[in-house]
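Peer 1: Could you have a look at this structure, given as structure tokens, before my questions?
The values are calculated or read from the model by the stated rules, or taken from the named source; none is laboratory data. Fair warning: this is a prediction, and the values are worked out from it, not measured in the lab. Cβ: placed from backbone, ideal geometry, glycine included. Neighbour counts: every protein chain shown.
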Amino acid sequence: MVDAESRFLFASSFVLYDVLVEGKALGTAAADDLQLLRDVVRKKDFNLAQFAQARKTGQSVGKRKFQQVQTATEAGLKTLIDQWDDQEIDEKTFRTQAAILMKKAWRDVFLAGVRAGGTEPSGLKAKDDPLVLLGPGDDKWLQSAIKHEMRFFNKLLDAIVTGDYVMPIPRRVHMYMRALESFFDSARIISLPNNTVIHWVGPKDGKRCPSCDFLIAHSPYTTANLPTTPRSGSTLCLTNCRDWLYIRRVPPKQAQQVADQAKYTRGGLIKKLRKIKRTGHP
């Protein structure tokens, strides 16, 4: 099935394979696969339709939360910009409040992505229910990603404060809100079991950018080395990317074979993508 955003395309066997070997997340899927396989076999009342519905619910809840956060954050940032323009707040307050707003948005969107990936809800009933509870590894990834993203966000704030910009600020803010999709999609990838193979694919019309050509040439990927997602801003086509990810569940040995045959690590691929953005070629 194709996602509404046309960024993720799951192979038809994906849900059926989940019935047999559902993994939890990066680095822990192997043990979880075996445990769940035993659990599923023992459950006489296991219902495929109920399982599919539970996964569908996770996707709906996560996507709805993402859209809410995206809309509220854009409105909140525009309000802060208006307050700065009207001299209602000083620069320190503007930067501090904007950073708080975005850090919360990045975290909320990431949690929404993990939930959309099929992870069970946290079970908390508090007003600020975080949707899911992150493990130490996922939380470490998130903190690192937020730190990296703040460097780019500070450049946007610099432009607003100095007035040194060409693109109208409202348009730039809107593009920045679209870039939240990268956190959402990264979380969805992280929540996939590690015996997943991901193909970067796109239209064959000769209009792909060099970044996407490079990603297609080195496809497929695993959840461990996929360097980015479509429309995340890491490719030359930025948030206008027309490509998508074709996601398949495969036997663990096949996933390991894909990992072993990879020419680059995730870090190596990211360096290549940055070079392409600078020079136009790998």
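Peer 1: Evaluate the following for Phe152: is it among the hydrophobic types (A, V, I, L, M, F, W, C), assigned by TED's automatic domain parsing to the domain that holds Lys104, modelled with pLDDT of 85 or more and closer than 27 Å to Asp90 by Cβ?
Peer 2: Details: among the hydrophobic types (A, V, I, L, M, F, W, C): yes; assigned by TED's automatic domain parsing to the domain that holds Lys104: yes; modelled with pLDDT of 85 or more: yes; closer than 27 Å to Asp90 by Cβ: yes.
The answer is yes for Phe152.
Peer 1: I would also like to ask the following. Looking at Lys263, Lys271 in this structure, which one is in contact with a His (Cβ under 8 Å, 6 or more places away or on another chain) and outside any strand (DSSP E or B)?
Peer 2: Criteria check complete, one pass: Lys263.
Peer 1: Got a sec? Which of Ser211, Ser182, Ser191 is within 23 Å of Lys275 (Cβ to Cβ), of a type in the set (Ser, Thr, Tyr) and within 16 Å of the chain's Cα centre (by Cα)?
Peer 2: The conditions single out Ser182.
Peer 1: Does the stretch 231-239 include one or more residues that are of a type in the set (Lys, Arg), outside any helix (DSSP H, G or I) and either farther than 30 Å from Ala11 by Cβ or in contact with a Cys (Cβ under 7 Å, 6 or more places away or on another chain) (or both)?
Peer 2: For the stretch 231-239, residues of a type in the set (Lys, Arg), outside any helix (DSSP H, G or I) and either farther than 30 Å from Ala11 by Cβ or in contact with a Cys (Cβ under 7 Å, 6 or more places away or on another chain) (or both): present.
Peer 1: Please determine whether any residue of the stretch 213-235 is at pLDDT below 90 and among the charged types (D, E, K, R).
Peer 2: For the stretch 213-235, residues at pLDDT below 90 and among the charged types (D, E, K, R): present.
Peer 1: OK, next. Just to be sure before I move on: is Leu269 touching a Gly at 6+ places or on another chain (Cβ under 9 Å) and either assigned by TED's automatic domain parsing to the domain that holds Pro203 or more than 19 Å from Asn195 (Cα to Cα) (or both) in the structure I sent?
Peer 2: no
Peer 1: Can you tell me which residues in the stretch 155-179 are under 19 Å from Arg274 (Cα atoms) and more than 16 Å from the chain's Cα centre (by Cα)?
Peer 2: Matches in the stretch 155-179: Lys155 only.
Peer 1: Could you pull out the residue among Gln68, Gln97, Gln87, Gln83 that is surrounded by fewer than 19 Cβ atoms within 10 Å (Cβ to Cβ), among the polar types (S, T, N, Q) and not in a helix (DSSP H, G or I)? Steps first, please.
Peer 2: Working: Gln68 fails: not in a helix (DSSP H, G or I); Gln97 fails: not in a helix (DSSP H, G or I); Gln83 fails: not in a helix (DSSP H, G or I).
So the residue among Gln68, Gln97, Gln87, Gln83 that is surrounded by fewer than 19 Cβ atoms within 10 Å (Cβ to Cβ), among the polar types (S, T, N, Q) and not in a helix (DSSP H, G or I) is Gln87.
Peer 1: Right, another one. Looking at (1) of a type outside the set (A, V, I, L, M); (2) within 28 Å of Thr119 (Cβ to Cβ); (3) under 17 Å from the mean Cα position of the chain (by Cα); (4) at pLDDT below 90, can you tell me which one Asn240 breaks?
Peer 2: Looking at each condition in turn, Asn240 falls short on (2).
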